[in-house]
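The values are calculated or read from the model by the stated rules, or taken from the named source; none is laboratory data. None of these values were measured; they are calculated from a predicted model. Cβ coordinates were reconstructed from backbone atoms using ideal geometry, including for glycine residues, and neighbour counts include every protein chain displayed. Note: accessible area is taken over every heavy atom of the protein model, side chains too, but ligands, DNA and RNA are not part of it. Shrake-Rupley method; radii C 1.70, N 1.55, O 1.52, S 1.80 Å.
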Amino acid sequence: MNSATAIADSPAAWKDTAAEFSMGLRGRLLSAGDDGYDAARRVWNGMIDRKPRHILCCSGAADVVQAINFARDHGLDLSVRGGGHNVSGNAVTDGGLMIDLSPMRGIRVEPAKKVARVEGGCTWRDFDKEAQAFGLATTGGVIPSTGVAGLTLGGGLGWLMRKHGLSCDNLLSADVVTADGRLIQARADEHADLFWALRGGGGNFGVVTSFEFRLHPVGHVLGGMVAYPLDEARAVLTFLRDFWLSTPDNLTIIPAFVTTPDSAKILAVCVCFSGPLADGEKLLRPLRNFDTPVADSIAAMPYVQLQAMLEPGFPPGLRNYWKSSFLTGLGDEAIEILVAGYHKVPSSFSAIAIEQLGGSLSRVAEEATAFSHRRAACNLLILGMWPDRDGDAAQVGWVRDLWQAMQPHVSGGVYVNYLGQSGDEGADRVRAAYGGNFERLLEVKRKYDSDNVFRLNQNIDPANTESWTCPKQ
């Protein structure tokens, strides 16, 4: 029996061990029954109900170093929470040690250099408010409660991606605590292999305690949505399929099937134009004049207002089950499947989104960052969302059936941040998320985390020896 097992079998000895550990921390170590424990273990997806042995609410990088060393020395599973918004719920471990970065939300913007350094617990709401005080921004998702860390490490789709690239394309450096408890800085000229892997490889390589981003001037944008009845969705999507082929990089379009508060099923075409407002008005006129929209909220607005536009549709605590894939295109048959599928949706909270890609993100070489899905036309996201357990079977079944029906139209690749729990997705889906860069990522994993300390994620197992062919994109 090793010392870790002996301590685990002796509650009194473990209590003394944990107490000794907590004395060396700046942050607070929580256990079941402590005030704040249940709040700290809750994440955005209401389906996740796991109970860590301990939660360390970190105050700085030194706490992260201590936590990794403690978990490794005592054989504890280790999970890492940034914003806690990821649908998979990998931020929370059952019975292990959860590193909670959410208290670490410091931000420093240097407007003259157009850079920002942000700590690992920041959300995009935190980030955007600080950067926009100087008229600056970088690509940062579409829901402001999303964590900066998780979004960036998985690539980082967002409203500004077609103009300014993905979140990871704007990453300049990262402070990382590795599996052996070292705090290092990864950038293009230092630990370059790790810096490459952090831009799309997820949380496989260490805990990022701070990020340095390139910023861009972003003032008011032309944003909002044009909404159409579901019966007109086929015609609208057919129009959009051709319309967005000719749109400039500074326009991003996301059509989404949603249900309004008065239970009407609609297609909401959401837009963000970041450029001269008069140019945007002219560019969007064909969309706004197409057929007979039931609503049109497109207007000039602050970027932070646009970022908050979709948040009411994604409240915390709902049960979430998603399926996603990059699409090869949006043909007539695919459109028909999606429209018919949303007619059958069992929950008014559920949605289907089609994210327009292309633009500047597609002009980056696929091997330049760990995120490799640069050539996909668009991304399909089927979002099952519902309030209680009684809806589990119907809602999960709807998502799976619709995703299966769409398989003839997918590329084979998937955005890692949209993957669900690994036990549901399977090893091939996780590999498909890393695409043609998987083997190189495996080499970096073996170098920085050969013991797979960071395994509660969309995991790249360093012991993997199976050959695999990347799906054709």
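A few remarks follow.
- Residue check, Lys282 touching a residue at least 12 places away in the same chain (Cβ under 8 Å) and among the charged types (D, E, K, R): no
- Within the set Ser59, Ser22, the sole residue that is outside any loop (DSSP other than H, G, I, E, B) and surrounded by fewer than 22 Cβ atoms within 10 Å (Cβ to Cβ) turns out to be Ser22.
- For region 76-99, the set of residues classified as within 16 Å of Asn452 (Cβ to Cβ) and touching a Ser or Thr at 6+ places or on another chain (Cβ under 6 Å) consists of Asp77, Ser79, Thr93, listed by residue number.
- Residue list for region 322-358, filter: hydroxyl-bearing (Ser, Thr, Tyr) and open to solvent by 30 Å² or more (accessible area, probe 1.4 Å): Thr328, Ser348
- Residue in region 127-144 that is in contact with a Cys (Cβ under 9 Å, 6 or more places away or on another chain) and touching a residue at least 40 places away in the same chain (Cβ under 8 Å) present: yes
- When Pro217, Pro276, Pro261 are checked against the criterion of being more than 27 Å from Thr138 (Cα to Cα) and either β-branched (Val, Ile, Thr) or open to solvent by 60 Å² or more (accessible area, probe 1.4 Å) (or both), Pro261 stands alone in meeting it.
- Among the criteria (1) more than 19 Å from the chain's Cα centre (by Cα); (2) of a type in the set (Phe, Trp, Tyr); (3) within 24 Å of Ala268 (Cβ to Cβ), the one Trp159 does not fulfil is (1).
- Residues that are open to solvent by 10 Å² or more (accessible area, probe 1.4 Å), outside any loop (DSSP other than H, G, I, E, B) and in contact with a helix residue (DSSP H, G or I) (Cβ under 8 Å, 6 or more places away or on another chain) within region 242-258 comprise Phe243, Val258, listed in sequence order.
- Of Leu402, Leu361, all but one fail to be outside any loop (DSSP other than H, G, I, E, B), touching a strand residue (DSSP E or B) at 6+ places or on another chain (Cβ under 6 Å), crowded, with 20+ Cβ neighbours inside 10 Å and in contact (Cβ under 8 Å) with a residue 40 or more places away in the chain; the exception is Leu402.
- Screening region 181-214 for residues that are closer than 23 Å to Ile107 by Cβ and of a type in the set (S, T, N, Q) and picking the one that is most open to solvent (accessible area, probe 1.4 Å) gives Gln185.
- Residue in region 267-287 that is part of a helix (DSSP H, G or I), among the polar types (S, T, N, Q) and under 23 Å from the mean Cα position of the chain (by Cα) present: no
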